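The values are calculated or read from the model by the stated rules, or taken from the named source; none is laboratory data. Note that the structure is a prediction, hence the values are computed from the model and not measured. When we count neighbours, we look across all protein chains shown, and the Cβ atoms used for this are built from the backbone with ideal geometry, even at glycine.
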Ligand code: ATP
């Protein structure tokens, strides 16, 4: 009997292991399903890209049904223009950029690119025309050159260097121990937020997409870095349809239109000058940020004179 029960126990053990394995697999599929929320329509066409005009019409969206995030948002980014979205934390600003890239499908309204509903085209063709500079760029554990060239793998060394120059990062790269061949990422040299963002900009310059989504980092940058990034962005966004999720004054001031988002609704919209004139939410945000910048610079002066 003893001889028999041992294998039976063993079989029980194996059975439980398999059961456990199955639940893990089920959970894994649940997770995958969350990730693969968006599928190509069965007859999805290739996006026919022209000038890259973007239109959000009465867009409704919630990550989970119980909590609406966007409640009927309408705005256009005309071809070649720049629209900046500002507003309090949690207003739904980054969500707009994720929806344009079609990480999620909307529950109401339409998002179109050059007049085509983005749900009717292949994700691949949509994403191929959009350059995304995210808040926090994840770098590959590879060389700086590799990370930049990822924007267009056929780019020559000369083109990689030129892109780095436009992105205001070439000079910094040349100071690294092995220049463009320096390994970066989690297992290599760790770059600062501002440096990573400039690598992402260089990558986007190589990709040269008609549409640009820029999700600015919330973290404060020093004035020099901010100016360098702004210079780089002015070059990339020139003649490109650009949607900026803005946290910094420098980006907002030059935008063709500013959308002030609050709790998933458009509270105000207009140019920088018009919104200041209005003396509403935007004006108070702007004044607060200006005061913070002034205080910071004052503090720096005090420190330097010590
Ligand atoms: P910030 O300025 O702080 O970056 P934001 O305006 O960009 O804020 P979003 O990132 O668009 O805000 O988020 C809007 C709301 O949606 C937030 O309340 C956030 O908690 C929620 N949210 C964001 N991503 C998810 C997600 N993947 N699942 C569920 N809720 C989410």
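If you scan the stretch 258-306, which residues turn out to be in a strand (DSSP E or B) and closer than 21 Å to residue 226 by Cα?
Of everything in the stretch 258-306, just one residue is in a strand (DSSP E or B) and closer than 21 Å to residue 226 by Cα, namely 258.
Name the residue, out of 216, 228, 181, that is modelled with pLDDT under 90 and touching a strand residue (DSSP E or B) at 6+ places or on another chain (Cβ under 9 Å).
Selected residue: 216, the only one of 216, 228, 181 that is modelled with pLDDT under 90 and touching a strand residue (DSSP E or B) at 6+ places or on another chain (Cβ under 9 Å).
Matching residues to (1) farther than 19 Å from residue 85 by Cα; (2) crowded, with 23+ Cβ neighbours inside 10 Å:
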{"position": "202", "(1), (2)": "yes, yes"}
{"position": "209", "(1), (2)": "yes, no"}
{"position": "223", "(1), (2)": "yes, no"}
{"position": "231", "(1), (2)": "yes, no"}
{"position": "242", "(1), (2)": "no, yes"}
{"position": "249", "(1), (2)": "no, no"}
{"position": "256", "(1), (2)": "no, no"}
{"position": "262", "(1), (2)": "no, no"}
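Output the residues belonging to the stretch 185-199 that are in contact (Cβ under 8 Å) with a residue 40 or more places away in the chain and surrounded by 19 or more Cβ atoms within 10 Å (Cβ to Cβ).
191, 196, 197, 199
Failed condition for residue 236, given (1) touching a strand residue (DSSP E or B) at 6+ places or on another chain (Cβ under 8 Å); (2) at positive phi, with all others met?
The failed condition is (2).
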